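Okay, so here's the structure we're looking at.
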Amino acid sequence: MRNDVVNTNEFSFWYGNFQALKNLTFNITAYKITALIGPSGCGKSTYLKCLNRINERSGEVSHDGSIQVLGNDIYHPTVALPELRRQVGMVFQKPNPLPLSIYENVIFGARTHLRKVTSKQLDEMVETSLKRVGLWEDLKNQLNRSALTLSLEKQQRLCIARLLPLKPKLLLLDEPCSALDPAGIEAIEILIKDLKKDYSILIVTHSMSQAKRVSDETIFMYMGELVEMGRTKDLFENPKEARTAAYIEGRFG
């Protein structure tokens, strides 16, 4: 029996008069890694940003249809965006640590969203979160160090750690390895696969090899439309749609 974290039903999205997403219907399984692939401009990042409604900062936007996260309609008028973004955390292509200490980066969300948090609780959040992303042993004696001095790989790990004190249900990763070298890519992919034990993960990637390595299920989009979705192994080895085969074989995109 499927356990879905996201249910998307006939969902369309516009930036002004431009329709970026067209009548999307699919579900995303909890505690799986789902890869979202497709050529540039196909709507991958737009869909990702719809899940925590961060793209509404882009100006005039509108939508039709629905998206539910854990059974709740995220576009319902009563939805509080801060609460939604607590549940649906996002990491971007380029690591974006705050110009603060490592410690303050990790607890930034907790200070913003949580009330009556003690210093001891904050310390525990920092230790737990940095351990979860494999940074604690390296950085436990450098917590006052500027986050901006870390390597890009460690900055990206820190950006993931920054989400964890808020206990999100869904992690959105938008090309999280695009700024990293091969060693950094490998390290982040290992982390992503480990995080699957506790989080549902949706990752946008242009790398077909990365999608095959890390994901359980894959969604292929083209020009704002869903073309095909299935188990990653099945989609790559036996695609049902000609456009899927052409894309993963590198014949366009």
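No value in this document is a laboratory result; all are computed from the given coordinates. In this text, all values refer to a predicted model and were calculated from it rather than measured experimentally. Cβ sites come from the backbone with ideal geometry, for glycine too, and all protein chains shown count toward neighbours.
Within region 183-199, identify whether any single residue is in a loop (DSSP other than H, G, I, E, B) and aliphatic (A, V, I, L, M), and answer yes or no. Checked region 183-199: no residue is in a loop (DSSP other than H, G, I, E, B) and aliphatic (A, V, I, L, M). Among the residues of region 27-55, those identified as on the phi < 0 side of the Ramachandran plot, touching a Ser or Thr at 6+ places or on another chain (Cβ under 7 Å) and not polar (S, T, N, Q) are 28, 30, 32, 33, 35, 37.
For region 70-77, the count of residues that are in contact with a Ser or Thr (Cβ under 8 Å, 6 or more places away or on another chain) and either assigned to a helix (DSSP H, G or I) or closer than 25 Å to residue 188 by Cα (or both) is zero. Tally up the residues in region 35-69 that are over 28 Å from residue 233 (Cβ atoms), hydrophobic (A, V, I, L, M, F, W, C) and in a strand (DSSP E or B), please. Total satisfying the criteria: 1. Taking region 92-135 as the range and being of a type in the set (A, V, I, L, M, F, W, C), more than 23 Å from residue 172 (Cα to Cα) and in a helix (DSSP H, G or I) as the test, only 122 passes.
For region 200-227, a residue qualifies if it is under 17 Å from the mean Cα position of the chain (by Cα), surrounded by 19 or more Cβ atoms within 10 Å (Cβ to Cβ) and in a loop (DSSP other than H, G, I, E, B), and the qualifying residues are 205, 215. Would you confirm, using the coordinates I've provided, whether residue 189 is on the phi > 0 side of the Ramachandran plot and either under 14 Å from the mean Cα position of the chain (by Cα) or free of Cβ contacts under 8 Å to residues at least 12 places away in the same chain (or both)? No.
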